[in-house]
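The next block holds one structure in the form of structure tokens; read it before the comments.
The values are calculated or read from the model by the stated rules, or taken from the named source; none is laboratory data. Predicted, not measured: the structure shown is a model, and the values here were computed from it. Glycine also receives a Cβ, built like all others from the backbone with ideal geometry; neighbour counts cover every protein chain displayed.
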Amino acid sequence: MKKLVLLSAIISLVITSCSSDTDSKKENLILPKTITYTYPPETEKAIEIGLVRYDGNKINSIVGANKRTLFTYTDNLITKQVVYEKDKQGKEFKSKEAFYSYKNGKLDTKISHTSDALSPDWVFTHKTVYIHSSNELISFVTYSINNDTKVETKTIEGTLNYENGNLVRRAGNIWSYVYEYDNKNNPLKNIVGLDLLLDDIREIGKNNVVKITNKPSPNSTPVIFLRDYTYDDSNYPTKNTSYTNSGTIEFDIEYTY
């Protein structure tokens with residue numbers, strides 16, 4: 001009888017373990033296929049649809065009518081991101097190029113080059129160095145780099161605070177952003193390496209931001225943005241509506257998986 005009880009317990013454990021592994025694999029396969037931004041009609045780009053392409057759980061690109069973003073990996077780490085946009089005449093230009101380096105599997109340095117449609121040949125270069133005190137507290141220093149003289153000028157010092165895999169506070173020299181979350185699934189959570197880019201990919205985490213409180217300076221009145229979500233049966237958002245401090249709609253984001 002003892003042998004039967006023991007065998008039954010082992011079989012039960014194996015079945016539970018297999019079921020858990022299967023559920024985990026199914027969870028990791030949930031990735032957004034399209035991301036659609038809808039802005040108020042008075043803006044230039046009222047609707048922007050991005051088609052997302054992957055290699056397994058690694059993101060290759062997000063391609064829309066007016067913008068495309070390309071990612072490069074080294075093993076499971078994103079080491080490069082390039083963004084191309086189109087100007088009013090439909091001519092494509094490189095608006096951002098970022099290079100990421102890591103130490104012990106954590107983001108150490110980001111060097112980014114940015115430009116805009118009005119002056120695509122005028123490139124701005126910045127370097128951000130991250131110091132990981134713990135998984136919950138990361139300090140950063142950002143430098144502006146003169147492209148002619150290569151002189152670096154410190155522009156921002158700040159901190160990133162994390163709780164349960166979510167960025168809960170981002171603060172600079174005098175400004176700060178505080179983030180509050182739901183308990184549902186972030187649509188980007190299963191993309192390999194994306195969370196390691198820290199605040200370079202805004203609002204990436206385990207869950208979804210429902211409230212942002214911004215203080216431009218310590219004594220200023222807080223500016224609050226609220227988010228409202230519609231979820232599918234797996235608790236992933238299918239729609240995200242952002243409201244400004246005055247209560248008007250800032251934008252909608254819709255996801256398909």
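Scanning for something surrounded by 15 or more Cβ atoms within 10 Å (Cβ to Cβ) and over 28 Å from Thr244 (Cα atoms), does the range 169-190 turn up at least one residue?
Among the residues of the range 169-190, at least one is surrounded by 15 or more Cβ atoms within 10 Å (Cβ to Cβ) and over 28 Å from Thr244 (Cα atoms), which makes the answer yes.
Check off (1) surrounded by fewer than 17 Cβ atoms within 10 Å (Cβ to Cβ); (2) over 30 Å from Lys45 (Cα atoms); (3) not aliphatic (A, V, I, L, M) for Asp121 and give me the number that stays unchecked.
Here Asp121 clears every test but (2).
If you check Leu51, Leu70, which single one turns out to be in the same structural domain as Ser242 (by TED's automatic domain parsing) and farther than 14 Å from Leu194 by Cα?
Leu51
Quick check on Glu203: is it charged (D, E, K, R), crowded, with 16+ Cβ neighbours inside 10 Å and at pLDDT below 95?
yes
Within the range 68-82, is there a residue that is modelled with pLDDT under 95, among the basic types (Lys, Arg) and surrounded by fewer than 15 Cβ atoms within 10 Å (Cβ to Cβ)?
So far as the range 68-82 goes, no, none of its residues is modelled with pLDDT under 95, among the basic types (Lys, Arg) and surrounded by fewer than 15 Cβ atoms within 10 Å (Cβ to Cβ).
Quick check on Ser134: is it buried (at least 16 other Cβ atoms within 10 Å of the Cβ) and of a type in the set (S, T, N, Q)?
Against the criterion (buried (at least 16 other Cβ atoms within 10 Å of the Cβ) and of a type in the set (S, T, N, Q)), Ser134 does not qualify.
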